[in-house]
Structures are given as C-alpha cells and as structure tokens.
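Read through the structure below, which is laid out as structure tokens, and then see the notes.
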Amino acid sequence: MTYTEDDAHNLAQEIKENPTDAERWYKLGLVYLSLKKINNAEIVFRQCLKLDKNHPHALGNLGVVFLQKEKPKEAIKYLKKSLKIEPAYDEYWTRLGIAYLQVSKYNDAIEALNQSLAIHPDQREAMVALARAHSNLESWEKALELLRQLELLFLNDYEILKGKARSLLKLGLDQELEETYQAMRKLNPDDHALLMYLGQISIKKGRTAEGLELYRKAVEMEPESFMAWKILIDIYQKLGMKNEEREARQKFQVVEDKLRRSGTRIIPKWW
C-alpha cells in the first residue's frame, strides 16, 4: 500500500488525541516505512512496542527497519520475536532468511526461507535468497534446481540468469552456460564481460576464430579492460599472429600503466 505525507500528518494528529493507542503508532510506523523514513519508522515502532511489547507486526517491521539499516543481527532478534508470536507470516520468514544470509548463517537462512516458501510457494525473493544460500554452501546442484524453476516462473530476469550462470560454471555444464550467457547478453548487450565469457567457452570448445572475434568485440566495447587485453594477447600469441599481438601489447601497456598510476593492484606481467 502506498502512503503519503498527509497520511503521516493525519495519524500524528490522531495520536496526539490518544497517545496510548498502540495500533495507531504501528500504522504510523508503516507510513514512515513506506515513505522510506526509516529512522522515524524505528522510533514509532519502538513506541508501539512500549505500549504493546508483543505486537507481532511492530516487532517484524522493526526487524525490517534494521535490515534496511544493514544491521542484520538486530533484524534477526526482532524478526524471531515476531515469528514466535505469529509464525504464519511468510514475509518475516523471508526477511529472517535474508538477515541470516548477511551474517553468513547459511543453514539457518535455508531453514527460514523454506518456512516462508511452505507458507507461500513460488515467491521470487525467497527463492532467489534460498538459491544464494545453497550457492554459498557450494551446493551447486540445489542452487541450480531452484534457479531453473525461477527462470520458468520469471522470464528474462537478469539476476536469476546470473545466479544460474554461476552454478552452471561451477558444475562445468558448458552448453547450458553458453545459452545462459547468450540470454544475459540480450538483456544487457553493453556488458563486455559477457562477451569475454562467451569467448572463453568458444575457445574451450575449439571454436577459436569465434572466440577471438568475441574478445576483439570485448576490447572495442571496453578499451580499458585489463583482463580482456591480457587474454586477447594470449590468443594472438598461440595463433602466431605477431603483428596483432604486438599492437595488442602496446594497447595493454597503456591500460596497465594507467592502473599502476592510479594505485590499482593488478596481476604481474606474465611474459
């Protein structure tokens, strides 16, 4: 639901008339949360809890506030209190799972996110977070299974494709990985890194000319890409293309010198 500053003003006036009404304090907190005034929301939810310490949604939304403030430990504390009172609220289970992810408690995250999905299946946010938790535990097959489901439910979703690509790469599933990178390129044609990934697969499959062309396009798109030039030089060297290699080295040197002057840590020369 969308709220306005007028809603906040009207509720504040009502609270002045009845300052012990916990529910009105809670509603004001929701308004501030909607308006992205998270400091105000925190103050108001705390006031609600002074009047009703077991208000499940004030507890849960205070947890949401702390998640937005990047304080996941505090978020976990309040979300757990909320869910102990009202365990059927899937959104708080999702937020709890995300908070656990942020403190690297991946098994706890999986448990919370599975609880959320048991209540409300096929939630994108919970499924993406669950796939991320499995990835962080290096359970690549489980992550990939979830991401394949997500891809069917949410078409042309770059974040889902990116997660899927990571799992496919770890599992060595090159054909599906190539198809996934191609799908990602349609959504983000200006990302030179995708050209590099596709070039790498082409070379691995013996399609050297195709891979070379992809790397050339990558450096055209991003002329200051250290890694793209580095790999392109290596390809030229293997193919005995001395003139092209020499020219690429000169351009690479310009990029390397610029990075060194800026203080950027780079990989040492390999030739």
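The values are calculated or read from the model by the stated rules, or taken from the named source; none is laboratory data. None of the values given here were measured: they were computed from a predicted structure. Positions of Cβ are generated from backbone atoms using ideal geometry, with glycine treated the same way; all protein chains shown enter the neighbour counts.
Summary of values
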quantity	calculated
Residue among Lys230, Lys251, Lys258 that alone is in contact (Cβ under 8 Å) with a residue 40 or more places away in the chain, closer than 26 Å to Asp190 by Cβ and in a helix (DSSP H, G or I)	Lys230
Helices (runs of 4 or more DSSP H) (entirely within region 33-150) containing at least 1 residues that are of a type in the set (Gly, Ala, Ser) and more than 29 Å from Asp7 (Cβ to Cβ)	90-102, 106-119, 124-136
Top-ranked residue of region 218-227 - restricted to ones that are touching a residue at least 24 places away in the same chain (Cβ under 8 Å) and in a helix (DSSP H, G or I), ranked as nearest to Gln182 (Cα to Cα)	Ala218
Among (1) within 28 Å of the chain's Cα centre (by Cα); (2) over 19 Å from Gln182 (Cβ atoms); (3) in a helix (DSSP H, G or I), the one test that Ile201 misses	(2)
Residue, farthest from Ser202 (Cα to Cα), within region 151-180, restricted to residues that are part of a loop (DSSP other than H, G, I, E, B) and of a type outside the set (A, V, I, L, M)	Phe154
Unique residue being of a type in the set (Asp, Glu), surrounded by fewer than 16 Cβ atoms within 10 Å (Cβ to Cβ), over 26 Å from Gly163 (Cα atoms) and touching a Phe, Trp or Tyr at 6+ places or on another chain (Cβ under 9 Å) when the list is Glu42, Glu86	Glu86
Residues of region 201-211 that turn out to be at pLDDT below 95 and either touching a Phe, Trp or Tyr at 6+ places or on another chain (Cβ under 9 Å) or among the hydrophobic types (A, V, I, L, M, F, W, C) (or both), as a count	2
Top-ranked residue of region 221-239 - restricted to ones that are within 15 Å of Val254 (Cβ to Cβ) and of a type in the set (D, E, K, R), ranked as surrounded by the fewest Cβ atoms within 10 Å (Cβ to Cβ)	Glu224
Flag if Asn114 is touching a Leu at 6+ places or on another chain (Cβ under 8 Å), over 21 Å from Leu33 (Cβ atoms) and without any contact (Cβ under 8 Å) to a residue 24 or more places away in the chain	yes
Residue in region 147-158 that is more than 30 Å from Lys186 (Cβ to Cβ) and either buried (at least 21 other Cβ atoms within 10 Å of the Cβ) or at pLDDT below 95 (or both) present	no
Of all residues making up region 65-80, the number that are surrounded by fewer than 16 Cβ atoms within 10 Å (Cβ to Cβ) and among the hydrophobic types (A, V, I, L, M, F, W, C)	0
Single residue of region 84-116 satisfying the filter (closer than 16 Å to Val65 by Cα and of a type in the set (A, V, I, L, M)) that is nearest to the chain's Cα centre (by Cα)	Ile98
Yes/no for Glu210 being farther than 21 Å from Val255 by Cβ and outside any loop (DSSP other than H, G, I, E, B)	yes
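Residue-by-condition table, conditions (1) among the aromatic types (Phe, Trp, Tyr); (2) at pLDDT below 95; (3) more than 20 Å from Leu35 (Cβ to Cβ); (4) crowded, with 24+ Cβ neighbours inside 10 Å:
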| residue | (1), (2), (3), (4) |
| --- | --- |
| Leu59 | no, no, yes, yes |
| Gly63 | no, no, no, yes |
| Ser82 | no, no, yes, yes |
| Lys105 | no, no, yes, no |
| Asp108 | no, no, yes, no |
